[in-house]
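Here is the structure we will look at, set down as C-alpha cells.
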Amino acid sequence: MRTTGDAGGGQSALTGPVEVVGVGLLGTSVALACAAAGIDVLLSDSVASHVRTASGLGAGRRRKPGDTPQLVVVAVPPAHLGEVITRALADSPDAVVTDVGSVKASPLAYVREHSPDDVRRYVGGHPMAGSERSGPLAATATLFEGRPWAVTPHPEADPAATALAGELAAVCGAVPLTLSPEEHDQAVARTSHVPHLMAALVAGRLAVAPEGHLGLSGQGVRDVTRVAAGDPGLYGQIVAGNARAVTELLTEVRAQLDEMITAVGTGDAATLDVLLKEGQAGTRAIPGKHGGPQTAQATIYVTVPDEPGNLARLFADAGESGVNIEDVRIDHDPGRPVGVMELIVADDAADRMQAVLESRGWVAHR
Ligand SMILES: NC(=O)c1ccc[n+]([C@@H]2O[C@H](COP(=O)([O-])OP(=O)(O)OC[C@H]3O[C@@H](n4cnc5c(N)ncnc54)[C@H](O)[C@@H]3O)[C@@H](O)[C@H]2O)c1
Ligand SMILES: O=C(O)C(=O)C[C@]1(C(=O)O)C=C[C@@H](O)C=C1
C-alpha cells in the first residue's frame, strides 16, 4: 500500500467543477469540503429534496445544461454504484469518475461489462470515515480530516484518473492510500464490515434485555455498539457486495467464539487469556491519526451540570491548559442531572489538563 499523488501541498490538479451524484451523508460531506476549497460543485440526487437541502447547506448548486465537470463523484448506495458510475461516464464524456462506495471490486466489474471503452476514466475511492447517520443533514465538511481514503486503480485505469481521485481525497483533508480493488475489499472486510456485523450482534442482545438491565449501560457498551445504529439497508448492501471476504472472516470468528464458549464454560483460564490478549493486541495494532503510530492516550472524566453554557466554559478552560483534545464523548449520569464529559488527551499531557480544570473548579478524575 502506498500514498497517492501530491497529497502534501502544492497546487491541486483538481480545479473543478466537481459533480457529486448522491448527496446523502458522504456525498454532501465531499461537496462541502470541495466547496470550502473554492471548487464549483454540482449536485444531483434521485431525491430532489436532498439536492435542495445540500444546496441550502452551501454544498453547491444543481447541474445545468452546458456544465462540464472535471470530476464526477458517485456517492449512492452500493447496489446502485455500477449503474450510476456507468451513467456518469456516458453523461460526462470528458470527466474522470470516482466514487466513495464501501466495496470496490463489484462496481468495477459492472463498469467493465457495461462501459468497456470508458472504464479507463473510472477509478474507485473509499474514505474510511462516516457515521451511523445518513442523509445530507448529517454531513460535515471536516468528516474526512486525517482519515485514510482508499484509491483503487485497476490495470486499465488512466494514470491521470488515478491521480485525480487521489487529489479529491487530499482536497477533503484525507490521507490517500493506493491499493487494488480486490486488496481493498479484503482489508475492509476486517476493518469495517465484520466489526459492523459483530456490533450488530452485541447490540441485538440489548434489544431483548430484561426490564431494568439496560440501566447499567456504561460507556463500554456504547463504544462497542455505536456503528450498529447505521442503516441496515446500507450495511446489507455493503456486506452483500463483499460476501466472500466477509464470510471467510466470519468463519474464523465463529471458530473463536466456540473456543471462547468452551473456555468460559469449563473455566479454562489459559485459553481465555490467549483470546483476551489477542484482542488487546488488535486494539494496539490500529494506526493513529493521519496513519501515524498510535499514541498513548488518557481519558479525563469531568462532571458537567446539565445547564446552558457549561460545555462552552469547560472547553474554554480546557483550552487554557494548552493541551489538545483528541476526542470527546458525553455520557449521562442516570441518577443525577449531570453529564460526564470524557476528554481524551495525550497520556503525557493529562496531568496538566486535569490540574488546570481542577484549579478552575471542575470535578475531574482519571
Ligand atoms: N455511511 C458511512 O459511514 C459511509 C462511509 C464511507 C462510505 N460510504 C459509502 O458511501 C455511499 C453513500 O452512503 P451514505 O452513508 O452517504 O448514504 P446516504 O443514504 O446518506 O446517501 C445516499 C444518497 O444517494 C441517493 N441515491 C440513491 N440512489 C440514487 C441513484 N440511483 N441516483 C442518484 N442518487 C441516488 C439517496 O437519495 C441519498 O441521498 C455508499 O456507497 C456507502 O457504502 C458510507
Ligand atoms: O465511523 C463510522 O461510523 C463508520 O462506521 C465509518 C466506516 C467504518 O467502518 O469505519 C463505515 C463504513 C464505511 O464504508 C467507512 C467507514
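The values are calculated or read from the model by the stated rules, or taken from the named source; none is laboratory data. The structure displayed is predicted, hence computed values, not measured ones. We place every Cβ from the backbone using ideal geometry, glycine too, and count neighbours over all the protein chains shown.
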Number of positions in the stretch 237-293 that are surrounded by 11 or more Cβ atoms within 10 Å (Cβ to Cβ) and either modelled with pLDDT under 95 or assigned by TED's automatic domain parsing to the domain that holds V345 (or both): 5
Look at V208 and say whether it is in contact with a helix residue (DSSP H, G or I) (Cβ under 9 Å, 6 or more places away or on another chain) and β-branched (V, I, T). no
Residues of the stretch 341-361 being buried (at least 17 other Cβ atoms within 10 Å of the Cβ) and in a strand (DSSP E or B), in sequence order, are M341, L343, V345
I'm trying to understand the selection: among the residues of the stretch 109-143, which are within 16 Å of ligand 2 (Cβ to nearest atom) and under 19 Å from S180 (Cβ atoms)? G124, G125, H126, P127, M128
Of the residues in the stretch 77-99, how many are out of contact with any strand residue (DSSP E or B) (no Cβ under 6 Å at 6 or more places or on another chain) and either assigned to a helix (DSSP H, G or I) or within 16 Å of ligand 2 (Cβ to nearest atom) (or both)? 10
Give the residues of the stretch 65-76 that are farther than 13 Å from V18 by Cα, more than 22 Å from the chain's Cα centre (by Cα) and not small (G, A, S), sorted by residue number. P65
Quick one: which of P148, P153 is touching a helix residue (DSSP H, G or I) at 6+ places or on another chain (Cβ under 7 Å) and farther than 26 Å from P116 by Cβ? P148
Selected residue (criterion: nearest to E145 (Cα to Cα)) from residues of the stretch 308-340 that are in a strand (DSSP E or B) and in contact (Cβ under 8 Å) with a residue 40 or more places away in the chain: R329
Taking the stretch 38-73 as the search range and keeping residues that are in contact (Cβ under 8 Å) with a residue 60 or more places away in the chain and touching a Gly at 6+ places or on another chain (Cβ under 9 Å), which one is farthest from D94 (Cα to Cα)? T53
Flag if V188 is part of a helix (DSSP H, G or I), of a type in the set (V, I, T), buried (at least 16 other Cβ atoms within 10 Å of the Cβ) and within 16 Å of ligand 2 (Cβ to nearest atom): yes
